[in-house]
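Let me begin by presenting the structure, written as structure tokens, before commenting on it.
The values are calculated or read from the model by the stated rules, or taken from the named source; none is laboratory data. Fair warning: this is a prediction, and the values are worked out from it, not measured in the lab. Cβ placement follows ideal geometry from the backbone for every residue including glycine, while neighbour counts extend to all protein chains displayed. Ligands, DNA and RNA are excluded from the accessible area calculation, which covers all protein heavy atoms including side chains. Shrake-Rupley method; radii C 1.70, N 1.55, O 1.52, S 1.80 Å.
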Amino acid sequence: MSEVVLELDNVVKRFDDNEVLSGVSLRLHRHEVVCLIGASGSGKSTLLRCANLLETIDSGSISLFNQSLLDDRVDPDLVRRHIAMVFQTFNLFPHLSVLDNVLLGPVHALKRNKAEAREEAREMLSRIGLLERANEFPDRLSGGQQQRVAIARSLVMRPTLLLLDEVTSALDPTLVGEVLDLLRDLAHQGTTMLIATHEMNFARDVAHQIAYLDRGVLLEQGTPDELFTNPRHESTKNFLNRVR
Amino acid sequence: MAVFFLAPGGSSVRYFFFNPRQMWDSFVGNPAKGLSSVGIGLLTNIWMFLLCEVLVLIIGLLIASVRTSQSPVLLPFRLLATGFTDIFRGIPILLVIYMVGFGLPELGIGAISRQSIAVYGCVALTLTYSAYVAEVYRAGLNSVANGQLLAARSLGLTHAATMRRVVLPQAIRTVIPPLLNDFISLQKDTALVSTLGAIEATRAAQIYAATEFNYSGYVVAALLFLALTVPLTRFTDRLIARDRSRRLAGAS
């Protein structure tokens, strides 16, 4: 197996008295796609946010390429430039054009040359088939298009790891396909991804590993075949029966 | 209108308030008779509110930024900012003007105590209006969805860059109409500085009334204020309408 990109070890996260993650351990290797499945409220989103240091954890460790991210000397802003995140609600910046949305990270976080970054951003937009909408504002785009722009915005950061938080859940069913197709392409190109999703067929197609979260506990993990055809836990079986 | 022309006292009101000759005299003033010009007085109002508006925009934003900050290190500043807004929103503006205008010169601390009355007026107006405008800004900052913050931070933008590139542009766009509203009211409140004795439009009209026993100067001052505030009011309305139509277009 290739090198470990992200490693969560025994991560515990509480919001006040509510323990959302109860000692989750997870490993992600380079070029690997891991899908997180589980009911709403099982802690999938929180797990992704913790991995991007958007939440502080209560105990456990998170490391990127074997380097702990919880060390005081680690600048979270630098870490986030390597770990990109795409949200359920897109969160495009409404006051910026599509192109400027994609440019914000490279120009203002990576401080890259603006002309070069613009060229690359346009290439990225053409790759997702939205170059002709580059100068429009996000609210003129459909949900599916907005989410594709959000993914492009993450990709221009050339992240080592892409976190996707139920990126199709807020979409009209007819628009889900275009976003999943884009993610399939990324998976085939070897992008390392941790994907929280309710799209079981998609997960079965692209994931190398499926991890099932149940009320903050990573109950089981395995290849899609293992997990979908032979779930070991009763809770996993029930969940899979409910979503299928 | 009918009351104005038909009321028993109508003709005397027309003579004492709307007398064209007196209105003109008070507008241009008469230095020989010790009468200040209401027109020139208005220039004082104008520079006062221009200066105040710039200061209020900056100070208000500073206070709002401190109040909406999360960092525990800034807690003392947060308390200070909260205290400031509580105090200056809670005291009638006239009292603030008195305290600053009569208090600061009495302190006898060098340059601070040797400013002109109009400057003290500006300080007082700036204190009060900064407190109001800080609240307007704060509402704007809070109106920006948390997801915007998360998205910007997840791109690796620093907190400062996130505020500057993502949160503030959106917040300011939402607060422009209420901000202009406060500015209209600030423009009028420069007249209160007359109570300190600054010769601005209202004070000039008062002097004219006291000397010539005719109130037409007040009407002149009122008309001049209208000439300033009405365009700004219309402009604000236009912005609100544009904003609404843009939002409707976005929702469709």
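Residues of segment B:207-232 that are polar (S, T, N, Q) and open to solvent by less than 50 Å² (accessible area, probe 1.4 Å): B:ASN214, B:SER216, B:THR229. For segment B:10-70, give me every one of the helices (runs of 4 or more DSSP H) that falls completely inside it and has 2 or more residues that are within 19 Å of B:ASP189 (Cβ to Cβ). Hits in segment B:10-70: B:38-68.
Restrict the check to segment B:12-34 and report whether at least one residue is within 30 Å of B:ASN142 (Cα to Cα) and open to solvent by 50 Å² or more (accessible area, probe 1.4 Å). The answer is no, given that none of the residues of segment B:12-34 is within 30 Å of B:ASN142 (Cα to Cα) and open to solvent by 50 Å² or more (accessible area, probe 1.4 Å). Within segment B:169-195, the set of residues being open to solvent by 40 Å² or more (accessible area, probe 1.4 Å) and within 14 Å of chain A (Cβ to nearest Cβ) comprises B:ILE172, B:ARG173, B:THR174, B:ILE176.
A search for C-beta distances below 8 Å between a residue of segment A:55-83 that is within 14 Å of chain B (Cβ to nearest Cβ) and part of a strand (DSSP E or B) and any residue that is open to solvent by 70 Å² or more (accessible area, probe 1.4 Å) and at pLDDT below 95, counting only pairs 6+ apart in sequence or on different chains, returns A:LEU64/A:HIS82. Could you list, ordered by first residue, the pairs with Cβ atoms under 8 Å in which the first is in segment A:126-151 and within 12 Å of chain B (Cβ to nearest Cβ) and the second is of a type in the set (Asp, Glu) and open to solvent by less than 20 Å² (accessible area, probe 1.4 Å), at least 6 apart or interchain? Listed by first residue and then by second, the contacts come to nothing, as the list is empty.
From the list B:SER11, B:SER69, B:SER65, exactly one residue is farther than 29 Å from B:ASP182 by Cβ and hydroxyl-bearing (Ser, Thr, Tyr). Which is it? After ruling out the rest, the residue left standing is B:SER11.
Condition check ((1) within 24 Å of A:LEU6 (Cα to Cα); (2) touching a Leu at 6+ places or on another chain (Cβ under 9 Å)) across all residues:
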| site | (1), (2) |
| --- | --- |
| A:LEU163 | yes, yes |
| A:THR174 | no, no |
| A:LEU182 | yes, no |
| A:HIS188 | yes, no |
| A:ALA196 | yes, yes |
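Among the residues that make up segment B:164-180, is at least one of them modelled with pLDDT of 95 or more, in contact with a Lys or Arg (Cβ under 7 Å, 6 or more places away or on another chain) and more than 30 Å from B:VAL13 (Cβ to Cβ)? Looking through segment B:164-180, none of the residues is modelled with pLDDT of 95 or more, in contact with a Lys or Arg (Cβ under 7 Å, 6 or more places away or on another chain) and more than 30 Å from B:VAL13 (Cβ to Cβ).
Checking each residue in segment A:99-123 for being among the aliphatic types (A, V, I, L, M), touching a residue at least 12 places away in the same chain (Cβ under 8 Å), within 14 Å of chain B (Cβ to nearest Cβ) and open to solvent by less than 30 Å² (accessible area, probe 1.4 Å) picks out A:VAL102, A:LEU103, A:LEU104, A:ALA109, A:ALA117, A:ALA121.
Residue-by-condition table, conditions (1) at pLDDT below 85; (2) of a type in the set (Val, Ile, Thr):
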| site | (1), (2) |
| --- | --- |
| B:ALA2 | yes, no |
| B:SER11 | yes, no |
| B:GLN22 | no, no |
| B:GLY34 | yes, no |
| B:ILE46 | no, yes |
| B:LEU50 | no, no |
| B:ARG67 | no, no |
| B:GLN70 | yes, no |
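Reported count of residues in segment B:121-155, each being surrounded by 24 or more Cβ atoms within 10 Å (Cβ to Cβ) and either aromatic (Phe, Trp, Tyr) or within 14 Å of another protein chain (Cβ to nearest Cβ) (or both), is 6.
Residues in segment B:210-226 that are among the small types (Gly, Ala, Ser) and either free of Cβ contacts under 8 Å to residues at least 12 places away in the same chain or in a loop (DSSP other than H, G, I, E, B) (or both): B:ALA210, B:ALA222. Does B:PHE213 count as modelled with pLDDT of 80 or more, on the phi > 0 side of the Ramachandran plot and not acidic (Asp, Glu)? Taking the combined requirement at face value, the residue satisfies it. The residues in segment A:154-164 that are open to solvent by 10 Å² or more (accessible area, probe 1.4 Å) and either among the charged types (D, E, K, R) or away from chain B (no Cβ under 11 Å) (or both) can be counted, and the count is 3. The set of residues in segment B:76-90 being touching a residue at least 24 places away in the same chain (Cβ under 8 Å) and either part of a loop (DSSP other than H, G, I, E, B) or open to solvent by less than 60 Å² (accessible area, probe 1.4 Å) (or both) consists of B:ALA81, B:PHE84, B:THR85, B:PHE88. Annotation: A:GLY216 fulfils all but one of (1) open to solvent by less than 20 Å² (accessible area, probe 1.4 Å); (2) farther than 26 Å from A:ARG81 by Cα; (3) within 14 Å of chain B (Cβ to nearest Cβ); the unmet one is (3).
Results for (1) without any contact (Cβ under 8 Å) to a residue 40 or more places away in the chain; (2) hydrophobic (A, V, I, L, M, F, W, C), shown as yes or no for each residue.
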| site | (1), (2) |
| --- | --- |
| B:GLN70 | yes, no |
| B:LEU74 | yes, yes |
| B:PRO92 | yes, no |
| B:LEU107 | yes, yes |
| B:GLY121 | no, no |
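If we scan segment B:112-119, do we find a residue that is away from chain A (no Cβ under 14 Å), outside any helix (DSSP H, G or I) and surrounded by fewer than 18 Cβ atoms within 10 Å (Cβ to Cβ)? Scanning segment B:112-119 turns up at least one residue that is away from chain A (no Cβ under 14 Å), outside any helix (DSSP H, G or I) and surrounded by fewer than 18 Cβ atoms within 10 Å (Cβ to Cβ). Within the set B:ALA198, B:ALA204, the sole residue that is outside any helix (DSSP H, G or I), in contact (Cβ under 8 Å) with a residue 60 or more places away in the chain and open to solvent by less than 20 Å² (accessible area, probe 1.4 Å) turns out to be B:ALA198. Test B:LEU43 against the stated conditions and say whether it is under 27 Å from B:ALA205 (Cβ atoms), touching a Cys at 6+ places or on another chain (Cβ under 8 Å) and open to solvent by 40 Å² or more (accessible area, probe 1.4 Å). Answer is no for this residue.
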